[in-house]
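Since the structure comes first, as structure tokens, the remarks are kept for the end.
The values are calculated or read from the model by the stated rules, or taken from the named source; none is laboratory data. The shown structure was predicted, so the numbers you read here are calculated from the model rather than taken from an experiment. As a convention, Cβ positions derive from the backbone with ideal geometry for all residues, glycine included, and neighbour counts pool all protein chains shown. Surface areas here come from the heavy atoms of the whole protein model, side chains and all, with no ligands, DNA or RNA. Shrake-Rupley method; radii C 1.70, N 1.55, O 1.52, S 1.80 Å.
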Amino acid sequence: MPDYLFCLLRYKMWVLFAFLSALFAGGTAILVKIGVKDIDSNVATAIRTIIIVIFTWIMVFVTGSNVSGIDTRSAIFLILSGATTGLSWLCYFRALQLGDINKVVPIDKSSIVLSILLSFILLGETVTVYKITGMFLIAIGTYSMIEKKESENKKIENRNNDINNKKNWLFYGILSALFAALTSILGKIGIKNVDSNYGTALRTIVVLIMAWLVVLVTKKGKEVQKMNMKTFVFLILSGISTGLSWLCYYRALQDGDVSIVVSIDKLSIVVS
């Protein structure tokens, strides 16, 4: 195969993986919303992460991924990427419990703007008029969606005596976006010289440890006993969906620019 055809095929593949990541991530938001409805958000996160760890490592062995030695630099950045992922998740699921999915998801997905800016500054990716224009349109669109939803729910919220507490979802949503942006940058650096499936699986272990540490610190372990079958099923489904999204996302990051991959990935907001 001529070199130019090989390069074109490789380019199309990482774009395809980015779109698949968006598809699975969009479905995850709905499954999570149902799954965390009747259970503590931190416990839900910890349970889902077990599913993701199992699923991603199965994929590592099924695909015959290269699990040979990993250099120190890659390991450090993958660990940091996993840590920021865990923090982003914890904030995201807490926001979902407190707010409407149509408000929480746009805030969380606004991390794309910060990701693009960081990719320009830290990774030296090419700045183009199209990227800048797209970034501003995404920011404006996100703001418009939030404002519209606030207006529609204004009368209902005015009847809520605990309105100030409910607004906490915005705080957690913003933190979720911040950590998600850092995850993309750190993940791009860490996954560069590692098999993408293997790197993704390694990251999930870090997230798993963080998630269960939070459960232990907050003493929410007993919440697991309250989980009904419906909640358990949806948490499993959301875990598998997240695992598929991650595998596709970090495969796309390995070959593509962060500014483009995160832009495609955040199309999951449309699916949600």
Share of alpha-carbon pairs per 5 Å distance bin for segment 159-258, given as whole %:
2, 10, 13, 17, 19, 16, 11, 7, 3, 1, 0
Can you give me the % of accessible surface on the chain that is carbon or sulfur? Probe 1.4 Å, all protein chains present, nothing else counted.
67
Label Ile50 and Ile101 with points 7 Å out from Cα along Cα→Cβ: what is the distance between them in nm?
2.4
Taking only protein heavy atoms into account and a 1.4 Å probe, give the accessible area per residue of the chain in Å².
50
Residue among Thr231, Thr49, Thr133 with the largest mean-square fluctuation in a Gaussian network model of the chain, springs linking Cα atoms under 10 Å:
Thr133
Mean Cβ-within-10 Å packing, highest first, puts peptides 53-61, 218-226, 39-47, 117-125 in the order 39-47, 53-61, 117-125, 218-226
Sketch the reach of a paramagnetic label on Ile34 as a point 7 Å from Cα along Cα-to-Cβ, and name the residues of segment 229-266 whose backbone nitrogen lies under 15 Å away.
229-242
Using just the Cα positions, wrap the chain in a convex hull and report its mean projected area in square nanometres, one decimal place.
15.8
Do any of Lys33/Lys266; Lys12/Lys131; Lys109/Lys220; Lys12/Lys188; Lys12/Lys266; Lys103/Lys266 go past 22 Å between their Cα atoms, and which?
Lys109/Lys220
